[in-house]
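Visitor: Take this structure first; my questions come after.
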Amino acid sequence: IKKEIGGKNSYWKRAVIGLSGGLDSVTSALLCRKALGKDKLLAVIVDLGEIHTEQTALSIQIAKDFDINYRVVDGSKILNNHCQLIENDGPFTEINTITYVIQNLIFQVASEEDYSAVIYCGDKSEFLTGRHAEYFYGHIALLRQFYKSEIWDIAKVIGVSNQVFSHKPGCKDAWFDEDIFGASWETLDKLLYLMNHRNLSSKEIASKYNIDEKWLNKIEKRLMHKDTRLKTKIFE
């Protein structure tokens, strides 16, 4: 992080990060704070009103606890106006619209405050499975090389609070990752490792570890999706 941001020959001098209260964003923010110091990092907390009251409060508390400069931006009016323009919602309309609003405001703050880099908080597990909203990104992806379960270990070492760990990974009630996949990331990451790094097929894994092959086929299909594989190569 120090080499990428603020180094002698670095284009990136200061960084902005979106702080949502989720494990990935909090871990990324704390790593940046430890590596860069207070003056080179700004956390942007986008307040979306009643739907994110708890999340906003948690993000503010984390920023205060770890002495991170932060700015709260009210995105509720923009989100409401955007949603009113859409007559027929699809299954992913709400979460993708929220993502666009948050992303645009983070980049706008970075430009306004003259911070050259925006930190992306996605992890390896999300990229391999395509489990990320369309499309949140940044200039530097700190956690890109780590599986979700590895980030839990990192977070514990750097002092992420238990309150963050208590939230199930996912976007909202119907979007919890464990409900979508039918297994926790602790289990999924082991399978992703076998498929992505060991190049084992779902048939081979099913035979060796006595796991339902039909279910594994669904995981493998997500992993081998052309677009997901392309994004994986770009960010590695």
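Visitor: Out of ASP227, ASP212, report the one residue that is exposed (fewer than 12 other Cβ atoms within 10 Å of the Cβ) and at pLDDT 90 or above.
Guide: Values: ASP227 fails: at pLDDT 90 or above.
Result: ASP212 is the single residue among ASP227, ASP212 that is exposed (fewer than 12 other Cβ atoms within 10 Å of the Cβ) and at pLDDT 90 or above.
Visitor: Within the stretch 161-177, take every residue that is modelled with pLDDT of 75 or more and in contact with a helix residue (DSSP H, G or I) (Cβ under 8 Å, 6 or more places away or on another chain) and give me the one that is least open to solvent (accessible area, probe 1.4 Å).
Guide: Ranking the candidates gives VAL164 first.
Visitor: Also, quick follow-up: What are the residues in the stretch 112-136 that are assigned to a loop (DSSP other than H, G, I, E, B), over 23 Å from ASP39 (Cα atoms) and of a type in the set (Phe, Trp, Tyr), if any?
Guide: TYR135, PHE136
Visitor: Same structure again: Here is a list: VAL157, VAL109. Which entry is exposed (fewer than 14 other Cβ atoms within 10 Å of the Cβ), part of a helix (DSSP H, G or I), at pLDDT 80 or above and more than 17 Å from the chain's Cα centre (by Cα)? Walk me through how you get there before you give the answer.
Guide: On the way: VAL109 fails: exposed (fewer than 14 other Cβ atoms within 10 Å of the Cβ).
Checking each option against the conditions leaves just VAL157.
Visitor: Of the numbered conditions (1) open to solvent by less than 40 Å² (accessible area, probe 1.4 Å); (2) at pLDDT 85 or above; (3) assigned to a helix (DSSP H, G or I); (4) not hydrophobic (A, V, I, L, M, F, W, C), ARG144 satisfies every one except a single condition; which is it?
Guide: (3)
The values are calculated or read from the model by the stated rules, or taken from the named source; none is laboratory data. Predicted model only: the values in this text are computed from it and were never measured. Note: ideal-geometry Cβ built from the backbone for every residue, glycine included; neighbour counts use all protein chains shown. Protein only, heavy atoms only, side chains kept; ligands, DNA and RNA dropped before computing areas. Shrake-Rupley method; radii C 1.70, N 1.55, O 1.52, S 1.80 Å.
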